[in-house]
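Asker: The structure that follows is given in the form of structure tokens.
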């Protein structure tokens, strides 16, 4: 049985990405696009969104394989460093970033790209840094070693 605990971040990552996606879509609707959107970019948006979803599914698969939990209200029982986590420490957040870019593309808007730097700053400060502090305190040298080998995003 896992110990119940609150993760160190105050805002769920899914809430942050949802807010940014809605903002990108609203900006696209109200302000429109500065440049015309070729149809190929709309298709690219579908590909990026699917890739983002795929990254999330790969992360969940690895959590299941390692018999640990990805839910924010449950303490991590294992440090997951294999599978997709061998390439990026934050595959779910990277997936969210691809979706943030991709969904507005499919709607004919470049606003997802315009909001990308603010999204990265928000995720780094509100989610990733507090979570890394938690993982360092829980897994100590194991996390420090992992962090030195695998990049935060890509």
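Asker: Where does the Debye-calculated log10 I(q)/I(0) of the chain sit at q = 0.08, 0.14 Å⁻¹, using only Cα point scatterers of equal weight, no solvent?
Answerer: Summing over Cα pairs of the chain leads to -0.26, -0.72.
Asker: Compute the long axis of helix 39-65 from its Cα atoms, compare it with the longest principal axis of the Cα atoms of the chain, and write down the angle in degrees, 0 to 90, nearest 10.
Answerer: Value to nearest ten degrees: 10.
Asker: In degrees between 0 and 90, to the nearest 10, how far off the longest principal axis of the chain does helix 91-106 point, with axes built from Cα atoms?
Answerer: That helix lies at roughly 10 degrees to the long axis.
Asker: Also: Averaging sequence separations of C-alpha pairs under 8 Å and six or more residues apart, then dividing by the length of the chain, give the relative contact order as a whole percent.
Answerer: 37 percent.
Asker: Measure nothing fancy, just the Cα-based angle from helix 13-31's long axis to the longest principal axis of the chain, in degrees from 0 to 90, nearest 10.
Answerer: 10 degrees
Asker: Note down, for the range 75-154, the three equivalent ellipsoid semi-axes (square root of 5 times each alpha carbon gyration tensor eigenvalue), biggest first, whole angstrom.
Answerer: Working from the Cα gyration tensor, I get semi-axes of 28, 13, 10 Å.
Read-outs throughout are calculated quantities, based only on the coordinates presented, and are distinct from any laboratory measurement. This structure is a prediction, so every number in the text was calculated from the model and none was measured.
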